[in-house]
Each structure stands twice: as structure tokens, then as C-alpha cells.
Amino acid sequence: MEVYLQTSETTPPVERVHFITMTINSFKGRRDVEVHLFRPDFDESEMESLDWNKLLGDPIHPEVPADPELSKRVLMEAFTAEERDQVIEYIKDRYADRVSVVNSGPMDLPVPLGLPPLSELPEGKTIGFIRFDQIPNYSLPFSLRGMYDLAQHEPLVSGEDS
């Protein structure tokens with residue numbers, strides 16, 4: 001399993017700024033499925049303590065109204081450096097034989113208004129969530145989820161094989 005940690009050239013204005021993705025070798029009949037990890041729960045007092053005037057940017061689409069509360073959750077779903085390290089160790093311990101790559105780096109700030117948090121994406125035929133904190137022997141001190149979209153990945157077996 002390869003682990004890539006990208007760093008910022010400048011110090012981010014908040015600690016909760018790190019994203020994490022992992023690539024699962026084989027998942028639900030697809031190969032190399034990218035999973036975007038996030039924290040579905042957050043501390044309201046932490047959210048209230050942040051200077052959102054500096055952390056939220058312009059709308060993605062100027063004509064479409066955007067809910068700033070949803071855009072705030074994009075940042076609140078990210079990880080601190082300590083949490084990132086805990087998640088990566090957890091993946092190494094539990095899933096090293098099934099995960100080929102883990103990527104992490106700082107999010108681009110400010111968060112654009114209108115960007116939806118991962119937890120708000122609708123589950124459906126191809127989009128789903130891994131609820132790590134509901135798996136037996138889960139050991140992290142916070143909830144962890146992973147969002148995937150199977151439509152973005154090649155099937156393990158193509159329909160052209162005879």
C-alpha cells in the first residue's frame with residue numbers, strides 16, 4: 001500500500017483541513033475504487049469558533065442560491081493532521097491487503113459556497129457509503145465514513161470476455 005501525504009506551502013488557517021482518499025483494489029464488482037473518507041459528525045462549538053468570513057468563498061454558480069451551512073460542513077467533514085494520521089494507521093492495520101493507495105493533502109480554501117458536503121450526497125444505484133464505525137472492532141475515537149461512486153470505475157469482468 002502506497003501512502004502519499006501532500007503538504008501545503010503555507011500554514012492553513014485552520015487545523016481541520018486535510019482530505020483523505022483511498023483506492024480499494026476490488027469492491028462491489030469494480031476495480032480500483034476510489035473512496036473519499038470523511039467525518040460525518042462534528043463538534044458544534046468547533047464550527048462556531050471558526051471565522052467563516054475567511055473560510056467560505058464565492059458561490060460555485062452565482063445565479064444559484066447556496067446554503068452556507070452546507071458549505072461549512074464540507075470543511076467540518078475534513079480531518080486534522082492528528083486525525084488524518086489515525087485514519088491512515090487504521091487503514092494500514094485493517095485494510096493494507098485490500099487498499100493500494102492512500103492520498104491525503106490540504107483542502108483548497110476558501111470553500112466555495114454551493115459545494116455540497118459528502119454526507120449530503122444521495123445514496124443510489126452507484127453512489128454509496130462505507131460506514132467504518134459500524135464495522136466490528138472499529139477502533140478510531142470518531143466516526144468515519146467513505147463515499148464511493150461505482151460508475152466511475154471499471155468492472156472486474158468486462159462483458160466482452162468470451
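The values are calculated or read from the model by the stated rules, or taken from the named source; none is laboratory data. This structure is a prediction, so every number in the text was calculated from the model and none was measured. Note: ideal-geometry Cβ built from the backbone for every residue, glycine included; neighbour counts use all protein chains shown. Surface accessibility is based on the protein's heavy atoms, side chains included, excluding ligands, DNA and RNA. Shrake-Rupley method; radii C 1.70, N 1.55, O 1.52, S 1.80 Å.
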Quick test of your reading of the structure: VAL33 fulfils all but one of (1) open to solvent by 30 Å² or more (accessible area, probe 1.4 Å); (2) in a strand (DSSP E or B); (3) aliphatic (A, V, I, L, M). Name the failing condition by number.
(1)
Residues of the stretch 1-24 being within 16 Å of GLN86 (Cβ to Cβ), of a type in the set (A, V, I, L, M) and part of a strand (DSSP E or B), in sequence order, are VAL3, LEU5, ILE20, MET22
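Given the options GLN6, GLN86, name the one that is open to solvent by 20 Å² or more (accessible area, probe 1.4 Å) and either among the basic types (Lys, Arg) or modelled with pLDDT under 95 (or both). If you could, list the steps in order and put the result at the bottom.
Numbers: GLN86 fails: either among the basic types (Lys, Arg) or modelled with pLDDT under 95 (or both).
Going through GLN6, GLN86 in turn, the sole match is GLN6.
Let's see how each residue does on (1) touching a Lys or Arg at 6+ places or on another chain (Cβ under 8 Å); (2) more than 25 Å from GLY128 (Cβ to Cβ); (3) in contact (Cβ under 8 Å) with a residue 24 or more places away in the chain:
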{"residue": "VAL17", "(1), (2), (3)": "no, yes, yes"}
{"residue": "HIS61", "(1), (2), (3)": "no, yes, yes"}
{"residue": "GLU69", "(1), (2), (3)": "no, no, no"}
{"residue": "ARG73", "(1), (2), (3)": "no, no, yes"}
Considering only residues that are β-branched (Val, Ile, Thr) and modelled with pLDDT under 95, which ones fall in the stretch 112-138?
THR126, ILE127, ILE135
Which condition number in (1) aliphatic (A, V, I, L, M); (2) surrounded by 15 or more Cβ atoms within 10 Å (Cβ to Cβ); (3) in contact with a Phe, Trp or Tyr (Cβ under 9 Å, 6 or more places away or on another chain) is the one that LEU115 fails?
(3)
Within the stretch 30-52, identify whether any single residue is of a type in the set (Phe, Trp, Tyr), modelled with pLDDT of 95 or more and within 23 Å of LYS125 (Cα to Cα), and answer yes or no.
yes
List pairs: first in the stretch 82-108 and more than 24 Å from PRO12 (Cα to Cα), second in a helix (DSSP H, G or I) and basic (Lys, Arg), Cβ under 9 Å, 6+ apart or cross-chain?
VAL99/LYS92
Consider the stretch 39-73. How many of its residues are more than 20 Å from ASP108 (Cβ to Cβ) and touching a Phe, Trp or Tyr at 6+ places or on another chain (Cβ under 8 Å)?
1
Which of the residues that make up the stretch 139-162 are out of contact with any Leu (no Cβ under 8 Å at 6 or more places or on another chain), at pLDDT 95 or above and of a type in the set (A, V, I, L, M, F, W, C)?
LEU140, PHE142
Residue under evaluation ARG98, criteria (1) open to solvent by 40 Å² or more (accessible area, probe 1.4 Å); (2) within 17 Å of the chain's Cα centre (by Cα), criterion not met
(2)
